[in-house]
Amino acid sequence: MRDRLTNILIVEKSDLIFKGLEQIINNRILKCIVKRDTNNLINGYFNGGITECSLCKYDILIINPQAIISELDHPKVNVFLSNSNIIGLFSSFVDRNSSLLFNNNIYINDTEDQIVDTINNEINQIDKTNSNPKNTIENINLEEQLSKREVEVLKLLVRGYTAKEIASKLFISTHTVVTHRKNISKKLNIKSTSAMAIYAVTAKLVNIDDILI
Amino acid sequence: MNNCLLNIKVAEAIEKNPRIILILERLSIPLGVKEHTFSSICKAYNINEKLLICLINISDSISPQILDGLSFNDIRKIIEYLSMTHDYFQNEMFPIIDRGILELLKNNPPKEILLLSQFYKDYCNEVIEHFKYENEVAFPYILSLINNIENPQDTSTQTTIKYCVNDYKSHHDNIEEKLNDMMSLLIKFIPPQINYRVRRNMIFHLNELKRDLNNHSIIENNILIPIVSKIEEN
C-alpha cells in the first residue's frame, strides 16, 4: 500500500468530463487528491508567468491536448513532456500524433476500469522511479523499463499462450493481460507477437527454442 | 485541395520531391517531361487533374479530401495505379530487402538475424497473399461492376459473385505494421555486431516501403473503397 498521497492535476475545459473523471478517481484510486487547472497553470508555465515549481507539487498531470494546443510548438513542450508524469486525455477523435505525445492516454470511450488501470499504471511508474535512485535523467537506463509483471506476460506471450491462458497462469484478469500487452507494445514500439519474440531473445528473456515465430 | 500545384512545372516538383516519379510512373506517364506543368501533362495523358493532385497530396502526407465526380475511367486508372504499386513492391522493394537479409545471414550471424529472416519471409508471404487477393478478386470485381453499368447488354462479363467492396475492406489489414516492428528491432534491439552498411540501407529501404505501403492503404481506404461503395448503393 502506498504511504504517500498522489496529487493529480486535471487540465480539461469541459465540466462534464472533468467532473466525471474526478468522480472515478475519487471513488476508485486510493490516497489521491484531484485538482483542476482553474488558474491556467499550464499555459502560464509555457508563457513564462508560472515557474516549473508550481507544477512540481503535482505527481500526475492529466491533460487534454486541446487545452494546450496553442502551445504545442513551444520549445518547452518536449522537455516538459519528457520530464513529467502526464496522461493524455482525449475527449474527441484521436489524432495519432497527439496521442503519441504521452506515455499513457485516457480516451472518451474508455471504460471505468480502463481509466483506473491507466492512472494506477502511472502511479506505479512514479513509485518505481522513486524507489530506484539510479534511474535519473543523468543515468538513463539503457534497457527498456518493462515492469516485472510485463516481463512475465511477455515471456508467456512469446511462447504462444493466449491472453486467457496467461490470465489464469498469473492469477490476473484477461483485461489486465491485454493492458500489459498494450504497454509492452508501446514501450518497445513493436506491435506483433512474433517481433516481440525476437526482442525477448535479444534481451535474453527466453531461449530461441522456446518461442513461437 | 492544392490547386496551385497544377501550374507548377513537373520537372521542378520532381527535383523537390523525387517520389513524384513513382506516382507518374504508376499513371503511365513516362519521364522526359520537358516543360510540362501538372495541368498540361494531365491533358496530354488523359488523367483527371483532381486525381493526380490527390495522389501527390497523399504522398506528401496531406490527408485526402473526398473526391467527387470521379469517372469510371478514373476508377480504372486507380486500379491500374494500385496494381502497378503491387508490382513495384513485389518485384523491386522486397528483393532489395531480401538481398540485405541474405547479406546479414553470411558469416555466422547472431541468432536474432535468423529469426528476423524468418519474420520477414512470413511477412512477405502474407503481403503477397494480400496483393494476390486484390489482383485476382477485388480488382476484377470492381472492373466488372463498372463494366456491367456501362454495358448492361454485355453478358460476357456479368458477375455472379456475391461479393461487395466491404469484403475487400475487411480483408485489408494494417500491412505496414510489421515493417515498423522490423525497423524497431534493427534500430534498437538487434546486437551491433552486424554489417552496419547493410543494416543502415535496410532501415532506409524499410522506411521507404513503409511509407509507400501506408499511402497505398490510404488510396484504397479513402478513395477507391468509398467510390465503389457508392456505386454499389446505386
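Annotation note: Cβ proximity below 8 Å between a residue of the stretch B:187-200 that is modelled with pLDDT under 90 and a residue that is in a helix (DSSP H, G or I) (sequence gap 6+ or interchain) occurs for B:Pro191/A:Thr202; B:Pro191/B:Glu112; B:Ile194/B:Leu104; B:Ile194/B:Ile113; B:Asn195/B:Glu103; B:Asn195/B:Leu104. One residue stands out among those in the stretch B:91-113 that are within 14 Å of another protein chain (Cβ to nearest Cβ) and β-branched (Val, Ile, Thr): the one that is nearest to the chain's Cα centre (by Cα), which is B:Ile101.
Selection over the stretch A:156-173 of residues that are of a type in the set (Gly, Ala, Ser) and either within 24 Å of B:Ile113 (Cα to Cα) or within 14 Å of chain B (Cβ to nearest Cβ) (or both) gives a count of 1.
Only one of A:Ile137, A:Ile166 is modelled with pLDDT of 85 or more and either in contact with a strand residue (DSSP E or B) (Cβ under 9 Å, 6 or more places away or on another chain) or within 27 Å of B:Phe189 (Cα to Cα) (or both). Can you tell me which? Can you show your working first?
Values: A:Ile137 fails: modelled with pLDDT of 85 or more.
Step by step, each of A:Ile137, A:Ile166 is checked, and only A:Ile166 is modelled with pLDDT of 85 or more and either in contact with a strand residue (DSSP E or B) (Cβ under 9 Å, 6 or more places away or on another chain) or within 27 Å of B:Phe189 (Cα to Cα) (or both).
Taken residue by residue, the stretch B:75-90 has no member that is over 22 Å from B:Arg211 (Cβ atoms), surrounded by 15 or more Cβ atoms within 10 Å (Cβ to Cβ) and within 14 Å of chain A (Cβ to nearest Cβ). Beta carbons closer than 7 Å, at least 6 apart along the sequence or on distinct chains, pair a first residue in the stretch A:174-203 that is more than 12 Å from every other protein chain (Cβ to nearest Cβ) with a second that is charged (D, E, K, R) for A:Thr174/A:Lys164; A:His175/A:Asp113; A:Thr179/A:Asp117; A:His180/A:Arg149; A:His180/A:Glu150; A:Asn183/A:Glu150; A:Ile184/A:Glu150.
When you look at B:Ser63, is it among the small types (Gly, Ala, Ser) and either more than 14 Å from every other protein chain (Cβ to nearest Cβ) or touching a Phe, Trp or Tyr at 6+ places or on another chain (Cβ under 9 Å) (or both), yes or no?
No.
Please verify whether A:Asn132 is exposed (fewer than 14 other Cβ atoms within 10 Å of the Cβ), modelled with pLDDT under 75 and not aliphatic (A, V, I, L, M), treating the condition exactly as stated. So A:Asn132 passes the test.
The values are calculated or read from the model by the stated rules, or taken from the named source; none is laboratory data. Computed from a predicted model, the values in this text were never measured in an experiment. Backbone-built Cβ (ideal geometry, glycine too); neighbour counts: all protein chains shown.
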